[in-house]
Structure formats: structure tokens, C-alpha cells
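J.: Take this structure first; my questions come after.
Derivation of every value follows stated rules applied to the coordinates shown; laboratory data play no part. Keep in mind it's a predicted model, so treat the numbers as computed, not measured. Every residue, glycine among them, receives a Cβ derived from its backbone with ideal geometry; neighbour counts consider all protein chains shown.
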Amino acid sequence: MKAMVLHAPRQPLRLEERPDPVAGVGEIVVRVEACAVCRTDLHVIDGDLMEPKLPLIPGHEIVGIVESCGDGVDLKPGRRVGIPWLGHTCGCCGYCASGRENLCDNPGFTGYTRDGGFASHVVADADFAFPLDGFDDPAAAAPLMCAGLIGWRSLKMAGEGRRIGIYGFGAAAHIIAQVCVHQGREVYAFTRAGDEPAQALARSLGAVWTGGSQDSPPVLLDAAIIFAPVGELVPLALRAVAKGGRVVCGGIHMSDIPQFPYAILWGERQILSVANLTRADAVEFLDLAPRAGVTTTTTVYPLERANEALADLRAGRFQGAAVLVP
Ligand SMILES: [Zn+2]
Ligand SMILES: [Zn+2]
């Protein structure tokens, strides 16, 4: 198999040939068809997330075909599956026992503590792979596996309000905006000041208002979701939400949040973070996405050009999501 491998933080990934993987008990070997590139991959590569497995094959938005199965696996070879960030949980800690496996005390994360999908093949725990019957375009489906799933969990945390602000209009936002519209909500999209292409994408997906992150929306919002890893957005979003409103931080890493006056939190406004996903989130969202007519905007790169895709993500040089194809 071939893979793009991280050997040390802040180093470019290296293309390597590796022995073909073998499925252990409860595992599957998947031939990767597509793997989307997530901002979390940048945080892993940049060393913002500590102690990754090294050397590491990043990538946790994987779509592929089951090639072989270890003992005790129900999936059959030939089935298309998706493999997300949550790669394993202990199944017995207090969080796992209470339906909150996203907070598991002893988890495994694809493309962080386990090898991921910037490769021709990947080994996954079969219990954490999701059949993607009916998803016929692997590159289009790949961004659903994190941008979609974490976005969905973020939207659930935002509550049932009608007016939803989204800060940072990248891969997750462009998917969740479509879900909001499907649910009859209004989307207010905040981008970097003057990022006209992102604002145009937001409007094309049904946003009722677009503006820069410093701008005030024309009405107070019921909730705001922050997908950009920028702590300065938290007080801005607090000022944009109405009493009782929630500000949901959807990223795994964020720069420091500046000091702000208590008055903008007062009124039972809440700040929440979203950590990882549960398998129940995945089952819900993978059922909902086709019914909501979710489409993805992608830029496809050959696997060997993973470093270029990461650099383009860092620089904001494409709309929607980058996807690697072996
Ligand atoms: Zn991700
Ligand atoms: Zn656990």
C-alpha cells in the first residue's frame, strides 16, 4: 500500500510504500476511494494536538470499499463504508456507559492515534465503520465523515432556534447550512472580511445574510456555531445572539478567547464546545444528509499532492472541502 506519512510535527508528509495491511479480530481492511482533508489534520500536523502516533498516516474522513475482514466482523467485502474521526472507544468508562462515547476516557482517533486515510488502504475497527449504501460518489461523500458529522453534532448542540449564525464558511459550514435550510431555519453566514467567494457559496446554499465576522447581523440570532479556530469570534458571536442564545464552538482547537464583559454572557447565553462524535450522531446524519439533499463542494487532489491540499486549506484557496484520491 502507499501512504502519505507524517514523521514529525511541522514536517511535510512523505509518500511511502508500506506492506499491505491485514485485518485483525474485529477489524476491516478498506481500500480507500477518497479521504477529505479536515482542519483537524492541520492541527495534528502543526503540533496543536499533542502526542499523535508517529509516524502517522493522517486523514479521518474516509470513504472506501471493504477489501477483507477479520474474525467477528459482520460487514462483507465489497461494501462501501465511511470511517470517521472516532475510531475506537473503550466501551466501559462512565461516558461510554452513559451514551456519551464522544467523551470516552480511552478513545482511539483515526488519523491521530491510529493510522488514517491519506493512503491507498486503511485498517479500521469494524464497529466504527458505517455502511454508505446509496452514496455513489466517494469524493462527494468523504466530507460528510467529519465536516458533516461534527457539523451535525454542533447544530444539535445549538438547539432548536430558527436563526442560526455560522462563523467560518468552510467544509462543515457549507454542509450544515444545507441542513439548516432543509429544517426551515435561517442561516446567517460570517466569513473573513471581504471573502466574497465564501459569501457567494453561502448565499448559493440558501444563507439569508452574509457578512464579515466583525459585522452585526440584521437581527439577533438564536444560536451561533463557530467553525473557524479563532477565539476572537467567541465574544463577537456572544454579541450576535439573543438572550438565551447559545454559542457553539465546533472545532477541536481554537486560539485563546479574549477577555470580554460579563454583560454579553448575561441573559442566560451559553458557550459550549463540541467534542468528537458518537456513532449515534453518524447514523442520524448519514440518514438525514440524502433526505436533506446535501451536496458537497469539493476540490479533488491526487493522494501524492496531500501537502498541496493542506497548504491550500491553510491559505483558504478553495471553497468547501479538499478531497484526496489515491
Ligand atoms: Zn475532522
Ligand atoms: Zn469509554
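J.: Which ordering of Leu103, Leu56, Leu144 is given by a fewest-first count of other beta-carbon atoms within 10 Å?
T.: Leu103, Leu56, Leu144
J.: Ranked by Cβ crowding within 10 angstrom, fewest neighbours first, how are Cys38, Cys90, Cys96 ordered?
T.: The fewest-first ordering by Cβ neighbours comes to Cys90, Cys96, Cys38.
J.: I need the helices of the chain that pass two filters: whole DSSP H segments spanning 27 Å or more by Cα along the axis, and mean Kyte-Doolittle score no lower than 1.6.
T.: none
J.: A follow-up question, please. Cα to Cα, under 27 Å, and not fewer than 8 places away if on the same chain: which lysines meet these conditions relative to Lys53?
T.: Once the sequence-local lysines are set aside, what remains near Lys53 is Lys2.
J.: Mind listing P(r) for segment 1-144? All alpha-carbon pairs, 5 Å bins, whole percents.
T.: Bin by bin from 0 Å, the calculated values are 2, 11, 19, 22, 20, 16, 8, 2, 0.
J.: Here's something else I'd like to know. Could you work out how far the C-alpha centroid of segment 206-234 sits from that of segment 307-325, in angstrom?
T.: 23
J.: Are there any chymotrypsin sites (Phe, Trp or Tyr not before Pro) in segment 220-268 that are in a DSSP loop and have at most 12 other Cβ atoms within 10 Å? List them by number.
T.: Trp266
J.: Let me ask something else. Binning every alpha carbon pair distance of the chain at 10 Å from zero, what are the percents per bin?
T.: 6, 28, 35, 23, 8, 1
J.: If you split all Cα-Cα distances of segment 148-273 into 5 Å bins from zero, what percentages do you get per bin, shortest first?
T.: Each 5 Å bin holds this share of Cα pairs: 2, 13, 25, 27, 21, 9, 3, 0.
J.: Quick one: which residues, 5+ away or cross-chain, put their amide H under 5 Å from the amide H of Ala34? H built at 1.01 Å from N.
T.: Val63
J.: Report, largest value first, the span of the C-alpha coordinates of segment 120-203 along each principal axis, in whole Å.
T.: Over segment 120-203, Cα extents along the principal axes are 41, 29, 20 Å.
J.: For the chain, set up a Gaussian network in which alpha carbons nearer than 10 Å are linked by springs, and say which option among Ile175, Ile57, Ile257 fluctuates the most.
T.: Result for the chain, Cα springs under 10 Å: Ile257 fluctuates most.
J.: Pick out, in residue order, every one of the GluC sites (Glu not before Pro) in segment 225-326 that is DSSP loop and has at most 13 other C-beta atoms within 10 Å; say none if there are none.
T.: Glu268
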